[in-house]
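Read-outs throughout are calculated quantities, based only on the coordinates presented, and are distinct from any laboratory measurement. If you're wondering where the values come from, they're calculated on a predicted model, not measured in any experiment. Cβ placement follows ideal geometry from the backbone for every residue including glycine, while neighbour counts extend to all protein chains displayed.
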């Protein structure tokens, strides 16, 4: 594929998003939650774990722990047992307790809506902060998860890049800020349902004609 100008990249991204919106009109965060604190916990638990597994674990937890103080005062060992099936349970228990202790002590038990404040809190990196500001507070956010990384490379917006921050910065220059959240949800839905890691379903892909990876594969077999 010839090298694209920034204007061409933006135009292609706009068309990709238009088609993904049409294919996945209900694209959204697939973690179940009813309060900002619940989404914060669910997002921490989702690291190296599927949303489906997290959604099996959290209903009982959310009935038991309703405030930041409830989480903060629960022994780490108890949370480790309850988080066990999500993997990396020791680190997750540590992060949830530390996060909730900070929220209880400094924010009245509430989750702040400022991105820079969020990334300063325990257990919250840029991906989680972007998800929280986008999903809870309705602000634009690029949520760079494994699907986002894979599709950004396959679609040719980055090349061989795996650093989430670098990919976020690159896509900020290509996707309009107002579309960041929809782009993120579109990437996740498409990555889970069509552009799979091991065997992408290119024949059923709504953006295959806009994907340099498909053209490159065709050139090799042609």
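Mind jotting down the distance between the C-alpha centroids of the range 83-115 and the range 148-179, whole Å? Measuring centre to centre over Cα atoms gives 28 Å. Evaluated on the range 1-95, the Kirkwood hydrodynamic radius is 15.8 Å, with distances taken between all distinct Cα atoms. According to the Kirkwood relation over distinct C-alpha pairs, the hydrodynamic radius of the chain is 18.6 Å. When you work out D = kT/(6 pi eta Rh) for the range 36-135 at 20 °C and 1.002 mPa s, using the Kirkwood radius from C-alpha pairs as Rh and the Stokes-Einstein form, the result is 161 µm²/s.
Relative to the current alpha-carbon distance between residue 159 and residue 34, full extension at 0.36 nm per residue lengthens the span by 41.2 nm. This ranking places 163, 145 by how few other beta-carbon atoms lie within 10 Å of each, fewest first, which gives 163, 145. The ranking of 173, 92, 139 from fewest to most other beta carbons within 10 Å of each one's beta carbon is 173, 139, 92.
Percent relative contact order of the range 36-135, based on C-alpha pairs within less than 8 angstrom and at least six residues apart? The partial results should precede the final answer.
Working: 107 pairs, mean separation 30.5, N = 100.
After rounding, I find 31 percent.
Give the relative contact order (percent, whole number) for the chain; include only Cα pairs under 8 Å separated by 6+ residues. Mind showing how you got there, number by number?
Details: 255 pairs, mean separation 48.1, N = 222.
Dividing the mean separation by the residue count of the chain yields 22 percent.
Backbone N atoms of the range 2-27 closer than 19 Å to the 7 Å Cα→Cβ label point of residue 173 belong to residues 2-14.
Given a cut-off of 15 Å, what percent of all Cα-Cα pairs of the range 8-54 lie beyond it? Beyond 15 Å sits 59 percent of the P(r) for the range 8-54. This ranking places 7, 149 by how few other beta-carbon atoms lie within 10 Å of each, fewest first, which gives 7, 149. Packing around the peptides 185-198, 15-28, 119-132, taken as the average count of other Cβ atoms within 10 Å per residue, puts them in this order, highest first: 119-132, 185-198, 15-28.
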